[in-house]
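Enquirer: Just dropping this structure here.
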Amino acid sequence: MEDKTKIMLVYTGGTIGMVKDYATGALKAFNFKKLIKNIPELSQLDCSIDSVSFDTPIDSSNMNIVHWVSIANIIEEHYEAYDGFVVLHGSDTMSYTSSALSYMLENLAKPVIFTGSQLPIGDLRTDAKENLITSIQIAALQKNNKPVIREVCLYFEYKLYRANRTTKINAEHFEAFGSLNYPALAESGVHLKVNNDYLWVGNRNKKFIVHKQMDNNVAILKLFPGLNRSVLQSILKIPGLKALVLETYGAGNAPTEAWLLSDLKDAIADGLHIVNVSQCAGGSVIMGQYETSEHLQKLQLINGKDITTEAAITKLMYLLGSNVSAKLFKTIFETSLRGEMQ
């Protein structure tokens, strides 16, 4: 008899793990030791499921680098013993955490699926059960005794996405996430359809490495009409700032005012890494396409191409934490490391 596929559930917090106390109406954390009892459908899955929970489950708005490292540690500790991992996480910052983990888990050869819900697991109309059950099924998918999925993904409302391609697009609809620049990796309907052509291949012969050094001396500045010089300078002169995600207009365009160019040029000369990322949810930065981006190209801004802001800021933290040399930084950032950009 074949051994069952082993899946590890990692509960960090978030709406999915809440149940309503109908006496008081308050939401409280779900006891994952009683998981099968509360979700009997899980016993029908052809895999064995164990779970581990943060000692104190947190709202995803409180997520930070320390928590990312905790998740990475759990996966590292149980990596050999399990065939796949499902991380339950609040939806608000799920794209940030899952993007960060995609960089932190180098040469990943097993699925790490992030999921959550818009309604608590105990709610009558909850989306939590479907998201959880299908995430486990996807994590357990095998072909020739090897995992089908070998990357960090995000599953929500019938679609599996590459995690570092996602953005939360809606606070109310069940379809809370979008991946506008990369197709879904799988879709759940009557059948579970995996789009094999879009899966991350990577180098499957290299040893699994977990990176735990992330540097948060980074910032995000979104351009807007009327941005004044004092605001720009207050960001560029933050003590210890090492990198900046500059959210520009359209295909990477920005005002051509002399003070803006001068301040950006000085900041780059002082060693600040500035990444040009589009404010648009879809599409790519193409510096030089318009006159309003030619000047940024000449300044040697890092081209964020079609990367999301979430993937860009976490990639900066990862590269800075890895002590990438200033000389190579631009080249490495502009290279796709985990399928996060074209």
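Enquirer: Kindly list, by first and then second residue, each pair from a residue in segment 222-237 that is farther than 19 Å from A269 by Cα and assigned by TED's automatic domain parsing to the domain that holds A269 to a residue that is surrounded by 15 or more Cβ atoms within 10 Å (Cβ to Cβ) and acidic (D, E), limited to pairs with Cβ atoms under 6 Å and residues at least 6 apart or on different chains.
Expert: K222/E247
Enquirer: Also, quick follow-up: Which of the residues that make up segment 298-336 are among the small types (G, A, S) and over 22 Å from K212 (Cα atoms)?
Expert: G304 - this is the single residue of segment 298-336 that is among the small types (G, A, S) and over 22 Å from K212 (Cα atoms).
Enquirer: Suppose we filter segment 270-298 for residues that are at pLDDT below 95 and under 20 Å from L241 (Cβ atoms); how many remain?
Expert: 1
Enquirer: Please enumerate the residues belonging to segment 142-173 that are assigned to a loop (DSSP other than H, G, I, E, B) and in contact with a Leu (Cβ under 8 Å, 6 or more places away or on another chain).
Expert: Once the filter is applied, which keeps residues that are assigned to a loop (DSSP other than H, G, I, E, B) and in contact with a Leu (Cβ under 8 Å, 6 or more places away or on another chain), segment 142-173 yields V148, I149, R150, E151, T166.
Enquirer: Being among the hydrophobic types (A, V, I, L, M, F, W, C), closer than 17 Å to K222 by Cβ and surrounded by fewer than 23 Cβ atoms within 10 Å (Cβ to Cβ) is the filter here; which residues of segment 275-287 pass it?
Expert: C280, A281
Enquirer: Also: Would segment 280-288 turn up any residue that is more than 24 Å from the chain's Cα centre (by Cα) and not basic (K, R)?
Expert: Yes - at least one qualifying residue is present in segment 280-288.
Enquirer: Another question about this same structure. Quick check on segment 300-333: of everything there that is buried (at least 19 other Cβ atoms within 10 Å of the Cβ) and among the charged types (D, E, K, R), which residue is farthest from the chain's Cα centre (by Cα)?
Expert: Only one residue tops the list, namely K305.
The values are calculated or read from the model by the stated rules, or taken from the named source; none is laboratory data. Predicted model, so just to flag it, every value in this text is computed and none were measured. Neighbour counts are summed over all protein chains in view; Cβ atoms, including those assigned to glycine, are modelled from backbone coordinates with ideal geometry.
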